[in-house]
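Enquirer: Below: one structure in structure tokens.
The values are calculated or read from the model by the stated rules, or taken from the named source; none is laboratory data. The model shown is predicted, which means the values in this text are computed figures rather than measured ones. Cβ atoms come from the backbone with ideal geometry, glycine included; neighbour counts cover every protein chain shown.
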Amino acid sequence: MLAGVLPFDREADDYLFQPAGLERVAGPQAAPDRAAFAGDGKWIVSQEPPAADYAAAVERVLEEIGRGGGEHPLQKVVLSRSLNIRASAPVDPGALLRRLSSDASTVTFSASLPSREGMPSRLIGATPELLVSRQGETIVSHPLAGSARRRADPAADRQSAEALERSDKDRREHRAAAEAVFDALAPYCSALSAPDGTALRATATMWHLGTRIVGRLRDRDTPVAELVAALHPTPAVCGLPRDRAAALIREVEGYDRDFYAGAVGWMDDRGDGEWYVALRCAQLSGSHIRLYAGAGIVAGSDPLAEVDETSAKFLAMLNALGVDEQGRPLGEKAA
């Protein structure tokens, strides 16, 4: 059996290992209170880039998309931003993982990474997105693209979901991502379909447009690792065309995504396995936590709306940590 994490950059080193075994644990685990790992006082948070600079970066990407041209014009770029958090005490990764598991619509993960500055490091998250799974001759992928913030008020939450379903921008963004996944898997399959079409997918903090794609392998000896290599990174986390989008991401974002928007999962000796997109995640080393969130930029994107989308995507991890985007304990009002 092989397990571990793949970085966003296909040229960077992966981090894979052979576990002693696999144990399936379904459903939420007993979650400790924030006080179990957070310490006291306000945490120090720095944004990379600041929200205003991120909005300006979205404008830059929109200009590049608007130029068009060439045989393969730029259609979409997924632009991310990051929060660097210094907690007032080391964060217990097990406690954080159990808090994340309260959202049954996601798959939680915690994977060892190379040590950072002599400190053990982990990638921890709760991802809603299945990159690809293989069980015998059956494969499944469930790309998500097009998102909206969930609301506390049920009526407002329903309106948010309905607006997402009607959004031409989000439906175009999703269609491009789903078609790219379909095209990448088609050569490996004797049958491939999206039996349920495009449908809303809900997590505790976000609405997503999703398409569940199911296929039957042409060659049963094709391992899930080969399918991962064909798909990663998908347009849901990179863009279209992939190489042009990745080059612009490196230029505009200004930092290394490392394992964010990579892939996390496992493969057994039969070639079966499950791999998920590393989203709603943080890299944790002692009291240092780095969060990431991204938004898909296509023609018609609104820079301020993309800032809000990334803030909404931070919430899954921030809620589990028990702090807001300024590092204040949740429930504490600003002075």
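Enquirer: Can you give me the ranges of the strands (runs of 3 or more DSSP E) entirely in segment 255-335 with at least 1 residues that are among the hydroxyl-bearing types (Ser, Thr, Tyr)?
Expert: Values: elements: 263-267, 273-277, 281-285, 288-297.
Per the criteria, 273-277, 281-285, 288-297.
Enquirer: Taking the condition touching a strand residue (DSSP E or B) at 6+ places or on another chain (Cβ under 6 Å) and more than 19 Å from GLU309 (Cβ to Cβ), does ARG86 pass? Quick ask: steps written out before the conclusion?
Expert: Numbers: touching a strand residue (DSSP E or B) at 6+ places or on another chain (Cβ under 6 Å): yes; more than 19 Å from GLU309 (Cβ to Cβ): yes.
Considered against the rule, which asks whether it is touching a strand residue (DSSP E or B) at 6+ places or on another chain (Cβ under 6 Å) and more than 19 Å from GLU309 (Cβ to Cβ), ARG86 comes out as yes.
Enquirer: Same structure, new question: Out of ARG257, ARG175, report the one residue that is more than 16 Å from the chain's Cα centre (by Cα) and either charged (D, E, K, R) or surrounded by fewer than 17 Cβ atoms within 10 Å (Cβ to Cβ) (or both).
Expert: Values: ARG257 fails: more than 16 Å from the chain's Cα centre (by Cα).
Result: ARG175 is the single residue among ARG257, ARG175 that is more than 16 Å from the chain's Cα centre (by Cα) and either charged (D, E, K, R) or surrounded by fewer than 17 Cβ atoms within 10 Å (Cβ to Cβ) (or both).
Enquirer: Here's a follow-up. Which pairs do you get when a residue that is hydroxyl-bearing (Ser, Thr, Tyr), found in segment 277-299, comes within reach of a residue that is in a strand (DSSP E or B), reach meaning Cβ atoms under 7 angstrom, with the pair 6+ apart or on two chains?
Expert: Partner pairs satisfying both residue conditions: SER285/ARG116; SER285/MET119; SER285/PRO120; SER285/SER121; SER287/ARG86; TYR292/SER80; TYR292/SER82; TYR292/CYS281.
Condition check ((1) touching a residue at least 24 places away in the same chain (Cβ under 8 Å); (2) out of contact with any Asp or Glu (no Cβ under 8 Å at 6 or more places or on another chain); (3) of a type in the set (Phe, Trp, Tyr)) across all residues:
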position	(1), (2), (3)
ARG149	yes, no, no
ALA156	no, yes, no
GLN159	no, yes, no
SER167	no, yes, no
CYS189	yes, yes, no
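Enquirer: Of all residues being over 16 Å from the mean Cα position of the chain (by Cα) and surrounded by 13 or more Cβ atoms within 10 Å (Cβ to Cβ) in segment 139-157, which is nearest to SER190 (Cα to Cα)? Just the residue, please. Walk me through how you get there before you give the answer.
Expert: Initial filter on segment 139-157 (over 16 Å from the mean Cα position of the chain (by Cα)): 139-140, 150-157.
Filter once more, so that each one left must be surrounded by 13 or more Cβ atoms within 10 Å (Cβ to Cβ): 139-140, 150-151, 157.
On the way: ILE139: 11, VAL140: 14, ARG150: 38, ARG151: 42, ASP157: 40 Å.
Ranking the candidates gives ILE139 first.
Enquirer: Could you list, in sequence order, the residues of segment 1-28 that are buried (at least 16 other Cβ atoms within 10 Å of the Cβ) and either at pLDDT below 90 or assigned to a loop (DSSP other than H, G, I, E, B) (or both)?
Expert: PRO7, PHE8, ASP9, listed by residue number.
Residue-by-condition table, conditions (1) surrounded by fewer than 17 Cβ atoms within 10 Å (Cβ to Cβ); (2) modelled with pLDDT of 95 or more; (3) over 18 Å from TYR54 (Cβ atoms):
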{"site": "ALA278", "(1), (2), (3)": "no, yes, yes"}
{"site": "ALA299", "(1), (2), (3)": "yes, no, yes"}
{"site": "GLU309", "(1), (2), (3)": "no, yes, no"}
{"site": "ALA312", "(1), (2), (3)": "no, yes, no"}
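Enquirer: Restricting to segment 93-140, name every residue that is in contact with a strand residue (DSSP E or B) (Cβ under 7 Å, 6 or more places away or on another chain) and part of a loop (DSSP other than H, G, I, E, B).
Expert: Result: SER101, ASP103, SER105, THR106, PRO128, GLU129, GLU137.
Enquirer: Test ALA184 against the criterion of being buried (at least 16 other Cβ atoms within 10 Å of the Cβ), of a type in the set (A, V, I, L, M, F, W, C), touching a Leu at 6+ places or on another chain (Cβ under 9 Å) and at pLDDT below 95, and give yes or no. Give the derivation first.
Expert: Values: buried (at least 16 other Cβ atoms within 10 Å of the Cβ): yes; of a type in the set (A, V, I, L, M, F, W, C): yes; touching a Leu at 6+ places or on another chain (Cβ under 9 Å): yes; at pLDDT below 95: no.
Criteria not met by ALA184.
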